[in-house]
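The values are calculated or read from the model by the stated rules, or taken from the named source; none is laboratory data. No experiment lies behind these values; they were computed from the predicted model shown. Positions of Cβ are backbone-derived with ideal geometry, glycine not excepted, and every protein chain shown enters the neighbour counts. What goes into the accessible areas is simple: the full protein's heavy atoms, side chains included, and nothing from ligands, DNA or RNA. Shrake-Rupley method; radii C 1.70, N 1.55, O 1.52, S 1.80 Å.
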Amino acid sequence: MSTAFRSCFVLSGFILSYITYLILGALVFSAIERPVEETLKSDLNSLKAEFLNLSCINASALESFLDRVLKANKYGVSVLENSSLRSNWDLASSLFFANTMVTTVGYGHTTPLSDAGKAFSIVYALIGVPFTMLVLTACVQRLMHPLTYGPISMCQRRAGLQPRAASVVHFIVLLILVVLGFFVIPALVFSAIEESWSFLDAFYFCFISLCTIGLGDFVPAEKPGQRLRALYKISVMVYLFVGLMVMFLVLRTFHKLADVYGWTAFFQLPSYEEEDEDKEPIIEREPDDESPEAEKASHKPLDPSSQVSYNSINR
């Protein structure tokens, strides 16, 4: 088995294990939180019916009702009829929640309702966050050669550029492609799907998400009556994972550029070292070209008379 094939096999195993981890987490979250959510919705509907049946509404009754409604809304449960029809803890929503947790995006639009859910979130994130970083690092290491080392080497060979100039040209082109492919085009798509989002809102959402800031003021697929909501959420999950991987790739490429220009040495930062699999030996050995006589001579002991001694040095 070759090294490249073994590396691809291990990477595929990492990705499959990561997907399995997300699905298992989503199943556990859905099993824990969905019954609690249904109970909270039922209590909120009963409270709403009692409030509407009041013949005389005073300030204390209104404040009590609003306090209960706002507390439920903090956990993603709304008193509105259209919003109460969907669940925040179905499989797709739980999968989306698990993904935003382990990628540290964390929009905060949905939070665990029960103590069991909060305890499981701690354990799940404790394992999931390093696991996500490991998978992202493994993916970026495989992408560095075809997307960074290869293009820079091509610029040097075909365009005759020096290493510094080739690194700058490559980084600028990569940055433009990333902005177009992961900010501008997705922003156009999000602004078309989300009717209440402008292009600036969608671009802002893409930037906040891929920088793992995740303020939560804009969250996709939360509109009541959203068509193909489950597929939409899963598509956003894929976009977040691939986008984070590309952002990591841009940072690694910039680190390589800083190394070429000596910025890392100037600021006394650790230099970027290429992986062993990406390095080529300076001198290639060709053992097949050696003749039997040469090989025999290489193993023959030296003649003592040919060795340099102290007495042979001219005084």
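Listed here are the residues, each with its yes/no results for (1) within 18 Å of Ile122 (Cα to Cα); (2) free of Cβ contacts under 8 Å to residues at least 12 places away in the same chain; (3) open to solvent by less than 70 Å² (accessible area, probe 1.4 Å).
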residue: Phe9; (1), (2), (3): no, yes, no
residue: Ile15; (1), (2), (3): no, no, yes
residue: Ile23; (1), (2), (3): yes, no, no
residue: Leu40; (1), (2), (3): no, no, yes
residue: Glu50; (1), (2), (3): no, yes, no
residue: Glu63; (1), (2), (3): no, yes, no
residue: Phe97; (1), (2), (3): yes, no, yes
Scan region 230-245 and report the pairs whose first residue is farther than 16 Å from Phe205 by Cα and whose second residue is open to solvent by 20 Å² or more (accessible area, probe 1.4 Å) and of a type in the set (Asp, Glu), with Cβ atoms within less than 8 Å and a gap of 6+ or a chain change.
-> Ala230/Asp90
Within the group Glu222, Glu194, which residue is buried (at least 18 other Cβ atoms within 10 Å of the Cβ) and in contact (Cβ under 8 Å) with a residue 60 or more places away in the chain?
-> Glu222
So Arg142, is it among the charged types (D, E, K, R), more than 23 Å from Gly262 (Cα to Cα), within 26 Å of the chain's Cα centre (by Cα) and surrounded by fewer than 18 Cβ atoms within 10 Å (Cβ to Cβ) | yes
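Considering only residues that are β-branched (Val, Ile, Thr) and over 18 Å from the mean Cα position of the chain (by Cα), look in region 179-193 and name the one that is modelled with the lowest pLDDT. Show your work before the answer.
Restricting attention to region 179-193, the residues satisfying the condition of being β-branched (Val, Ile, Thr) are 179, 184-185, 189, 193.
Among the residues that remain, those that are also over 18 Å from the mean Cα position of the chain (by Cα) are: 184-185, 189, 193.
Working: Val184: 97, Ile185: 97, Val189: 96, Ile193: 93.
For region 179-193, the residue satisfying everything is Ile193.
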Note on Leu228: of the conditions (1) open to solvent by less than 40 Å² (accessible area, probe 1.4 Å); (2) at positive phi, unmet is (1)
From the list Met133, Met154, pick out the single residue that is part of a helix (DSSP H, G or I), open to solvent by 60 Å² or more (accessible area, probe 1.4 Å), within 17 Å of Phe171 (Cα to Cα) and of a type outside the set (Ser, Thr, Tyr).
-> Met154
